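Note sheet for the following structure.
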Ligand code: ADP
Ligand code: ASP
Ligand code: MG
């Protein structure tokens, strides 16, 4: 008998028919003699709809109240799924995040799991119950509800799998695995048999939303092997693990991130310490910086530009203005850019990967404004309107 954690995303439980379908997947697993813990997200677009409702009333609502609201989405889906399983005649119980022992820090809206107290979960499993847990939520030290950030149910599932030392952690979604690019947007994508934690972490961080990046980080830390598979088509998915079969693949995939901004500071004094001042102030506010470019400006000045999440752009501009406005430098934010990236450990041992990517962009007539690389990634900044075209062109160059 194995202990299996199964996570179902919003589209997998979007309506009554899909809830019943998921209930059957779960009960089939249980029927085979396994213990099953299920993590579920809010149905369909529920979380987005709740955010819209809040915005109608107060677009500047506190993060605490937003979390109070958003946790409601998962409360609906866990109870409905439990009712579906009751209907099929199996023992089941639904639990909110706090009932399942999820404790987090106090960062409303992007809380981190601190511990999972597994007594209740264990208790219910000992009673032979199928346990349905609300993803994306926990409780902080003030006994307030918190959420883990968008897409956070993946992390809830991995955390439970790690805490209970589960034998398997399956992430069910609306595609049959991790593909070489978003299969809904790009032609001729291929499903990956497997991918390493490091590759998947980069892929997710650079925009492939099929897995939340924090969930991959946690899976790597606790060595939880993940399987990404479809709740609609029953076929083997993609395995995320420490070592993966390279299948002679130069890269694993192509992705894009359109939720970014380019911030530039033009005409700062060319003296030591300016970059330090800039980036330490931004770091202190928790603003993550990505692609950085420094160039020579006019009359002994220099320009620095970098990218960050679009949601941080206004705050970044405010911080930089407070530092550089005095010396006459101009700070600007540009949200018409996108980052297109390729990911794959294979590029470490093959030369010519970058030139192949840049060649594909050149042939598609797409201009690159910034470039950044790591051991297993190459990213370029381009015009946002050309992002889909760029992903397709680069994908075609590598995967035909
Ligand atoms: P869930 O609701 O199950 O959490 P998500 O919408 O968060 O599902 O993630 C699944 C979606 O991720 C797919 O529908 C697909 O469009 C998108 N996606 C983006 N990049 C990839 C990729 N490389 N491989 C598979 N799916 C991808
Ligand atoms: N319901 C949450 C969201 O839409 C969590 C999740 O889907 O993982 O972001
Ligand atoms: Mg998701």
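The values are calculated or read from the model by the stated rules, or taken from the named source; none is laboratory data. In this text, all values refer to a predicted model and were calculated from it rather than measured experimentally. Quick reminder, even Gly has a Cβ in these numbers, built from the backbone with ideal geometry, and neighbours come from all protein chains shown.
Values computed for the structure shown
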quantity	calculated
Residue among 44, 73 that alone is outside any loop (DSSP other than H, G, I, E, B), within 16 Å of ligand 1 (Cβ to nearest atom) and in contact with a helix residue (DSSP H, G or I) (Cβ under 6 Å, 6 or more places away or on another chain)	73
Where residue 240 falls short, out of the listed (1) touching a helix residue (DSSP H, G or I) at 6+ places or on another chain (Cβ under 8 Å); (2) farther than 27 Å from residue 171 by Cα	(2)
Candidate set: region 210-219, residues that are near ligand 3 (Cβ under 10 Å from one of its atoms) and either touching a helix residue (DSSP H, G or I) at 6+ places or on another chain (Cβ under 7 Å) or modelled with pLDDT under 95 (or both); chosen: the one farthest from residue 181 (Cα to Cα)	215
Residue list for region 209-263, filter: touching a strand residue (DSSP E or B) at 6+ places or on another chain (Cβ under 6 Å), touching a residue at least 60 places away in the same chain (Cβ under 8 Å) and closer than 21 Å to residue 148 by Cα	219, 224, 226, 257, 260
Residue match in region 362-373 (condition: out of contact with any strand residue (DSSP E or B) (no Cβ under 6 Å at 6 or more places or on another chain), closer than 26 Å to residue 388 by Cα and in a strand (DSSP E or B))	yes
Only listed residue being in a helix (DSSP H, G or I), touching a helix residue (DSSP H, G or I) at 6+ places or on another chain (Cβ under 6 Å), buried (at least 19 other Cβ atoms within 10 Å of the Cβ) and at pLDDT 95 or above, chosen from 387, 393	393
Answer from 155, 176 - the residue that is within 16 Å of ligand 3 (Cβ to nearest atom), under 26 Å from residue 96 (Cβ atoms) and in contact (Cβ under 8 Å) with a residue 24 or more places away in the chain	155
Top-ranked residue in region 141-168 [being within 18 Å of the chain's Cα centre (by Cα) and surrounded by fewer than 19 Cβ atoms within 10 Å (Cβ to Cβ); ranked as nearest to ligand 1 (Cβ to nearest atom)]	150
Unique residue being more than 25 Å from residue 236 (Cα to Cα), surrounded by 15 or more Cβ atoms within 10 Å (Cβ to Cβ) and away from ligand 2 (no atom under 16 Å from the Cβ) when the list is 78, 25, 93	93
Close pairs (7 angstrom Cβ cut-off, 6 or more residues apart or separate chains): closer than 12 Å to residue 173 by Cβ in region 2-26, more than 16 Å from ligand 2 (Cβ to nearest atom) and at pLDDT 95 or above anywhere	6/26; 6/29; 6/36
Single residue of region 169-205 satisfying the filter (in contact with a helix residue (DSSP H, G or I) (Cβ under 8 Å, 6 or more places away or on another chain) and within 17 Å of residue 133 (Cβ to Cβ)) that is farthest from ligand 1 (Cβ to nearest atom)	169
Complete set of residues in region 27-73 that are under 16 Å from residue 171 (Cα atoms), away from ligand 3 (no atom under 16 Å from the Cβ) and under 24 Å from the mean Cα position of the chain (by Cα)	37
